[in-house]
């Protein structure tokens, strides 16, 4: 049995969207998936009543009277609200009562609480958030996507290891290629952090590092083809992510204006689903000892459903165990 704790109060439209997503996830996944809804019981039960076909034997409700708002200061809110849905949900995993946690709430608070409650793997200075970008040859994993604005070279190297394990475990890439996002491919390009990160990545063992890559290479490199993992700091990563999302909206807007009849075609519907971030689920928080998946505050039920899928896959693949083993192997190689 896989137990996924869902912060039912976290999103912009909680708990309606979260529970709709849970209902869809339970229909799509086998009986081995169980969901733990964490939040205000009266609000949760009212929404569950709108889904009478839902299998209540696969749902637990865990009371949590408080909610951490989107505008609250993350660390202070986590400490001030120990009975919030976010903190209670993560504590279930820390106590061995849950296998994964999912939230569409305050991103900084999810990061802070996961770090405090679950702890970090040895050798990890800060956890990182990764996001899948659609490409013609399959998704590329970009990290950090906004959790860590300023990063040291060694933290960027850690991100490369974490992204490698993630793409290997959840996307079946046996030897994921890794690129460092930079302003040019040449070794002398970039700021001081990028130059040092490039040097360290070239020396790192257990990584398929292909070198510096540019923004245009995210969706496909002229020589290497699809790159599996792109490493950057959260400042750059979040800007790239938001631009990518806006480009998809631009495409749809142009089609609506210039060729609206195309929208009715089944094949174009497949294209739109390919570009829809909600199809890829939430963003995993890597580096913590456990499984945390983060979603947009404005996530749709489809995004919640697929985020639950991502969380379940992470548990099934033993992602957390493999990350610990990879980091231990790296530490042994470094000290040898």
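The values are calculated or read from the model by the stated rules, or taken from the named source; none is laboratory data. Quick caveat, the model's predicted, so the values are computed rather than measured. As a convention, Cβ positions derive from the backbone with ideal geometry for all residues, glycine included, and neighbour counts pool all protein chains shown.
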- The lone exception for residue 211 - which of (1) part of a helix (DSSP H, G or I); (2) surrounded by 15 or more Cβ atoms within 10 Å (Cβ to Cβ); (3) free of Cβ contacts under 8 Å to residues at least 60 places away in the same chain; (4) out of contact with any helix residue (DSSP H, G or I) (no Cβ under 6 Å at 6 or more places or on another chain) it fails: (1)
- Only one of (1) farther than 27 Å from residue 111 by Cα; (2) within 27 Å of the chain's Cα centre (by Cα) does not apply to residue 244, and that is (1)
- Of the conditions (1) closer than 24 Å to residue 312 by Cβ; (2) at pLDDT 95 or above, the single one that residue 42 does not satisfy is (1)
- Query: Does residue 192 satisfy the condition of being surrounded by fewer than 16 Cβ atoms within 10 Å (Cβ to Cβ) and within 16 Å of residue 236 (Cα to Cα)?
  - Reply: yes
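Let's see how each residue does on (1) under 18 Å from the mean Cα position of the chain (by Cα); (2) touching a residue at least 24 places away in the same chain (Cβ under 8 Å); (3) in a helix (DSSP H, G or I); (4) surrounded by fewer than 18 Cβ atoms within 10 Å (Cβ to Cβ):
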site	(1), (2), (3), (4)
154	no, yes, yes, yes
161	yes, yes, yes, no
166	yes, yes, yes, no
205	no, yes, no, yes
- Considering each of 160, 136 in turn, give the residue that is at pLDDT below 95 and on the phi < 0 side of the Ramachandran plot. 136
- Task: Report yes if residue 88 is more than 24 Å from residue 146 (Cβ to Cβ) and either free of Cβ contacts under 8 Å to residues at least 24 places away in the same chain or touching a strand residue (DSSP E or B) at 6+ places or on another chain (Cβ under 7 Å) (or both), otherwise no.
- Result: yes
